[in-house]
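The values are calculated or read from the model by the stated rules, or taken from the named source; none is laboratory data. Since this is a predicted model, take the numbers as computed values, not measurements. Note: ideal-geometry Cβ built from the backbone for every residue, glycine included; neighbour counts use all protein chains shown.
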Amino acid sequence: MKGAFIINGTAETYTFGPADTMLSVLRKNGHAEVKSGCGKGECGICIVLLDGKPVNSCQVLAASVIGREITTVMGIGNFRNLNPIQEAFVEAGGVQCGYCTPAKVVVTYSLLRENPDPSDADVRNALDGNICRCTGYVKILDSVKLAAKKLSGGTDD
Amino acid sequence: MTDFVHIGKPCGKIDGISLATGREKFTNDFYIENPLYGAFLYSPVPHGEITGIELKEAMAVEGVVKIYHYENTPDRLFTTAGQGFPEPSPYDTRLFDSRVRFAGDRVAMVAAETEDAAQEAVKKIKVEYKELRALFDPEKAADPESPKIHAGNEYAKIPVPYLPEKNIAAIIEIGFGDTEKGFKEADFIEENTYKVHYASHAATEPHAVSVYFDERGRLVIITTTQVPFHVRRIISSVLDIPLRMIRVIKPRIGGGFGGKQEIILEPYGALIAWDTGRNVKIVLSREEVFQSTRTRHPMRIKLKTGFKKDGRITALSMDALMNNGAYGSHSLTVLSNTGSKVLPLFNKIENLSFAGKTVYTNLPVGGAYRGYGATQGYFALNQQIDIIARKTGQDILEYCKKWHIKEGETSAVFEALGEGKEGVSQTVKSCKLDSCIDMGAAEIEWYKKRGKRIKTEDGWITGVGLSIGMQGSGIPLIDMGSASMKMNEDGSFNLFAGATDIGTGSDTVLGQIVSEVLKIPLEKVLVLSSDTDLTPFDVGAYASSTTYVSGTAVKKCAEKVLSQILDVASEMLETDKDDLKTEPEKIVSAKNGKNVSYSEISIYSLYQANQFQIQASASSVLPESPPPFIAQFAEVAVDIETGRIKPLKFVSAVDCGQPINTVLAEGQVEGAVVNGISYALTEEYIFNKRGKMVNPNFGNYKVYTAADIPEIKTIIAESYEPTGPFGAKSVGEIAINGPAPAIANAVFDAAGIRLYETPFTPEKVWRELIKQGIV
């Protein structure tokens, strides 16, 4: 079957099978920035935004989201136009191996858009479904707080 | 000593932005043209002989190209342990074997045009097994009546005690003094049995391999590895492919923790490619990673200590039984580390013995796992020390400060116990453990909380516990790292390092070392690491070696480059080399103040006179392995009603020498701490009666997330290791060793129960509370 999606603001049309997940369709079509960790919706590595809300893309059938907006980390910012969230993750040490980072960046983007000044508990809850084995989360929580500060126009410290 | 420009700074990782924007490629992200996909069939039985394989139906699946199994693959023994050569692990593994040894052992592999076809064909392979009696209890492994798991032609490449006919994969016995006499002199004897359990590394990126042929028909293997050079060597030897025909590339790696120090997938990818002439992709599922790759070796430790009323230990004997599962990966060295990284810490013990045995069972296979035996040993030792301090009425902080190894001191254990051979004698040159204990205690408010059993709002009881430890920095006289460098016209430098960044940030750390030597900004160091065609050799990322061993090679290399820069500058400025000094990106004559920039020097050397490429290479193998030290403090709350443990705060104060990058050093500690807490409390391999792990997913194998962590504090002590690059020691492994014993000691402080066996599940804790009459 065939379907069009709005991916990072651009309409793209892909061919896929009825049982294919959003994750596999994205990856097969060059969106290798979306990673895979468990294929069961239990680790959060493959999270993308679907109409602005975080979803595990391995649990979403591509056929069920035709026409909808999908945002990957590349839609948040790129080399030439970095999003402050991405800067914050690097500066605060929230990136170690970086395999979970694309998902954490999009989750943070979604969180801060709805809740620009999240409490510690808000941040923890937002990231709950998103495993990281490298950082121990301390610097990821710091990264989100730094990102909130940067986005609200505050200084880095 | 500390007026560094680039060292000890919290600069961001050089690959940070590219990772955070999703541009970096991991193994499975590379475009491989028209590959075959590999998929495995695993044994459902724990122990058996394959009596028949029927492939007809599987081969009939559209797109299937070939199915590999024991009858059509090389019958060659090797070890999957990605160690130096010859490996100190037994050669007991074949690509495929007629005998299966655990539920999860590889039986066959399908190569097909699509992933779906490969998976479908796997389901259609019919295998008949003659089941053999299985051995699950490591305590019974050496019994004469137990089934023999490896009783054929397996062998150890190096001369170590290896007795497969008794299911023994390694034996270690060392000691000094007279323990019998020591126990007789003691006022008290304390003897306990401690057990630590299986665990998965759970790196977020599952194992994968991508293989293609280059223009000249050489095999290029992109793989999730910690040991690219060992991968090349082992593939060459297992598949009889000339080493020169293999190139191994390590791309970005999604975490290793030891799990990717194993040659788990690469020979299979290479096999399909070399056999069919096709490109290949194999990616493991999470379930496969849990059930069939490698794990932390479970261990049972009997620890006996005799001590006087003042707490002085008159004798210590440690008896360790390590379960290696079906194959003997790291069987000797993890076991030896349980002694060699743990027992030197209390170095005033005059009578000591360490007896260790590694055995085979029909269970999943152990392998390298962050901590590497020390995690197991410290679980026992730190509880034992807590018990001794309590029994002799002493403040455990003062007790530890009195008895731990100090600067200028040594331990006989260093020399007695190495990795696969005798160890290397060394004197500790930097140890700031006392200040670590003091700073950590202040942060956790030890004296306000210890023994106070303060109640939380919801009625849980709190307690605090301590764990101290040391690790090493590489394997002395064995681990070798090397690097080369060249200079470019704009005063930038290429650094080619064999060292393997598996997400730790070692590319950044090595770049900072170059920055410091040459006084250049970090962005002027272009780091390329771990490509067997392009970079010089390095043993890889293990044994906490990269900063110390590879970092020393990089520092030497940069110093050689600097010397050449000074030669050229001396020619250009017509000044004696000794009169020159290095300033940021330029060389200045101390005599007349004239200077030349790095860019001018490079252009001069490449184009203008006496032309040559400013370039150098250097290797490093070090005669010692300076231990980092750590003091870790847990504050927990225990729910007496349910047995639940809630970690409230966890403090680590670490002496890692001079940290090269403070934010990355803290990140190493914090990542290890959370892995350690998660291991102590929730992570568990649950087996059915057939030895099959039945919870191979993150839903049922609970790894801590951001919502679960307690307050975590990391303190880095001021320290300087004179033998290390810019004073650095290691920091990658040490912090994983403390959480389990610190939490166990905190639970005792809160509730008066001893937890001798991990993980501390509510059920286990509750049963112990009942047993002690506390509930």
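A single member of B:LEU562, B:LEU573 is surrounded by 13 or more Cβ atoms within 10 Å (Cβ to Cβ), among the aliphatic types (A, V, I, L, M) and either within 38 Å of the chain's Cα centre (by Cα) or modelled with pLDDT under 95 (or both), and it is B:LEU562.
More than 14 Å from chain A (Cβ to nearest Cβ), in a loop (DSSP other than H, G, I, E, B) and surrounded by fewer than 24 Cβ atoms within 10 Å (Cβ to Cβ) - does that describe any residue in segment B:264-277? Taking every residue of segment B:264-277 in turn, at least one turns out to be more than 14 Å from chain A (Cβ to nearest Cβ), in a loop (DSSP other than H, G, I, E, B) and surrounded by fewer than 24 Cβ atoms within 10 Å (Cβ to Cβ). Could we say that B:ARG76 is assigned to a loop (DSSP other than H, G, I, E, B), over 27 Å from B:ALA117 (Cβ atoms) and free of Cβ contacts under 8 Å to residues at least 60 places away in the same chain here? Against the criterion (assigned to a loop (DSSP other than H, G, I, E, B), over 27 Å from B:ALA117 (Cβ atoms) and free of Cβ contacts under 8 Å to residues at least 60 places away in the same chain), B:ARG76 does not qualify.
The criterion of at least 1 residues that are buried (at least 20 other Cβ atoms within 10 Å of the Cβ) and within 14 Å of chain A (Cβ to nearest Cβ) is met, among strands (runs of 3 or more DSSP E) falling completely within segment B:149-219, by B:208-213. Filter segment B:369-422 for residues that are polar (S, T, N, Q) and outside any helix (DSSP H, G or I); which is surrounded by the most Cβ atoms within 10 Å (Cβ to Cβ)? The extreme case among them is B:SER411. Filtered by the rule that a residue be part of a helix (DSSP H, G or I), closer than 30 Å to B:ILE461 by Cβ and either among the charged types (D, E, K, R) or assigned by TED's automatic domain parsing to the domain that holds B:GLU516 (or both), segment B:648-677 gives a lone residue, B:GLU670.
Here is a yes/no grid of residues against (1) in the same structural domain as B:LEU381 (by TED's automatic domain parsing); (2) surrounded by fewer than 18 Cβ atoms within 10 Å (Cβ to Cβ); (3) of a type outside the set (Asp, Glu):
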| site | (1), (2), (3) |
| --- | --- |
| B:PHE687 | yes, yes, yes |
| B:ALA717 | yes, no, yes |
| B:GLY724 | yes, no, yes |
| B:GLY727 | yes, no, yes |
| B:VAL731 | yes, no, yes |
| B:ALA735 | yes, no, yes |
| B:ALA746 | yes, no, yes |
| B:ASP749 | yes, no, no |
| B:TRP766 | yes, no, yes |
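Within segment B:97-137, the set of residues being of a type outside the set (A, V, I, L, M), outside any strand (DSSP E or B) and more than 27 Å from the chain's Cα centre (by Cα) comprises B:ASP97, B:SER98, B:GLU113, B:THR114, B:GLU115, B:ASP116, B:GLN119, B:GLU120, B:LYS123, B:LYS124, B:ARG133. All conditions but one from (1) more than 7 Å from chain B (Cβ to nearest Cβ); (2) crowded, with 22+ Cβ neighbours inside 10 Å; (3) more than 28 Å from A:PHE5 (Cβ to Cβ); (4) not charged (D, E, K, R) apply to A:GLY153; the one that does not is (2).
A residue that is under 26 Å from B:GLY699 (Cα atoms), touching a Ser or Thr at 6+ places or on another chain (Cβ under 9 Å) and assigned to a strand (DSSP E or B) can be found somewhere in segment A:20-37. Where the second residue is charged (D, E, K, R) and buried (at least 24 other Cβ atoms within 10 Å of the Cβ) and the first is part of a helix (DSSP H, G or I) and lies in segment B:725-752, which pairs have Cβ atoms under 7 Å and are six or more apart or on separate chains? Hits for this filter: B:GLY727/B:GLU721; B:ILE736/B:ARG370; B:ASN745/B:ASP386; B:ALA746/B:GLU635; B:PHE748/B:ASP386.
Kindly indicate whether any position in segment B:595-609 is away from chain A (no Cβ under 14 Å), over 30 Å from B:ILE14 (Cα atoms), part of a strand (DSSP E or B) and of a type in the set (Gly, Ala, Ser). Checked segment B:595-609: no residue is away from chain A (no Cβ under 14 Å), over 30 Å from B:ILE14 (Cα atoms), part of a strand (DSSP E or B) and of a type in the set (Gly, Ala, Ser).
With respect to the conditions (1) in the same structural domain as A:ILE6 (by TED's automatic domain parsing); (2) in a loop (DSSP other than H, G, I, E, B), A:ILE70 lacks only one, and its number is (2). Of all residues in segment A:84-107, those that are facing chain B (nearest Cβ under 7 Å) and crowded, with 24+ Cβ neighbours inside 10 Å have Cβ atoms under 6 Å from Cβ atoms of residues that are polar (S, T, N, Q) and assigned to a loop (DSSP other than H, G, I, E, B), 6 or more apart or on another chain, in A:GLN86/B:THR21; A:GLN96/A:THR135; A:TYR99/B:THR204; A:CYS100/B:THR204. The set of residues in segment B:489-524 being touching a Ser or Thr at 6+ places or on another chain (Cβ under 6 Å) and more than 21 Å from B:VAL669 (Cα to Cα) consists of B:GLU489, B:ASP490, B:GLY491, B:PHE496, B:ALA497, B:GLY498, B:LYS519, B:LEU522, B:LYS524.
Each residue in segment B:12-56 was checked for being over 25 Å from B:GLU120 (Cβ atoms), more than 9 Å from every other protein chain (Cβ to nearest Cβ) and surrounded by 20 or more Cβ atoms within 10 Å (Cβ to Cβ), and 3 of them qualify. Restricting attention to segment A:34-60, the residues being over 10 Å from A:CYS100 (Cα atoms) and facing another protein chain (nearest Cβ under 8 Å) number 4.
Just wondering, is there one or more residues in segment B:757-764 that are under 23 Å from B:GLU684 (Cβ atoms), outside the structural domain of B:SER550 (by TED's automatic domain parsing), out of contact with any Gly (no Cβ under 9 Å at 6 or more places or on another chain) and surrounded by fewer than 24 Cβ atoms within 10 Å (Cβ to Cβ)? Within segment B:757-764, one or more residues are under 23 Å from B:GLU684 (Cβ atoms), outside the structural domain of B:SER550 (by TED's automatic domain parsing), out of contact with any Gly (no Cβ under 9 Å at 6 or more places or on another chain) and surrounded by fewer than 24 Cβ atoms within 10 Å (Cβ to Cβ).
Determine whether B:PRO626 is over 30 Å from B:ILE454 (Cβ atoms), modelled with pLDDT of 95 or more and touching an Asp or Glu at 6+ places or on another chain (Cβ under 6 Å).
yes
May I ask you to list the residues in segment B:176-209 that are more than 19 Å from B:ARG286 (Cβ to Cβ), touching a Phe, Trp or Tyr at 6+ places or on another chain (Cβ under 8 Å) and polar (S, T, N, Q)? Matches in segment B:176-209: B:ASN192, B:THR193. Here B:GLY667 does not fit the description of being within 13 Å of chain A (Cβ to nearest Cβ) and closer than 29 Å to B:THR410 by Cβ.
Regarding B:LEU495, is this residue more than 14 Å from every other protein chain (Cβ to nearest Cβ), in a strand (DSSP E or B) and either under 23 Å from the mean Cα position of the chain (by Cα) or aliphatic (A, V, I, L, M) (or both)?
Answer is yes for this residue.
Total residues in segment A:33-57 satisfying the condition of being surrounded by fewer than 22 Cβ atoms within 10 Å (Cβ to Cβ) and under 16 Å from B:GLU115 (Cβ atoms): the figure is 1. Filtered by the rule that a residue be touching an Asp or Glu at 6+ places or on another chain (Cβ under 9 Å) and not in a loop (DSSP other than H, G, I, E, B), segment B:423-436 gives B:THR427, B:LEU433, B:SER435, B:CYS436. When A:SER110 is tested against the conditions (1) under 19 Å from A:ASN56 (Cβ atoms); (2) within 12 Å of chain B (Cβ to nearest Cβ); (3) among the hydroxyl-bearing types (Ser, Thr, Tyr); (4) outside any loop (DSSP other than H, G, I, E, B), the lone failure is (2).
Considering A:GLY44, A:GLY93, the condition of being assigned to a loop (DSSP other than H, G, I, E, B), out of contact with any Leu (no Cβ under 6 Å at 6 or more places or on another chain) and in the same structural domain as A:ALA11 (by TED's automatic domain parsing) is satisfied by A:GLY44 alone.
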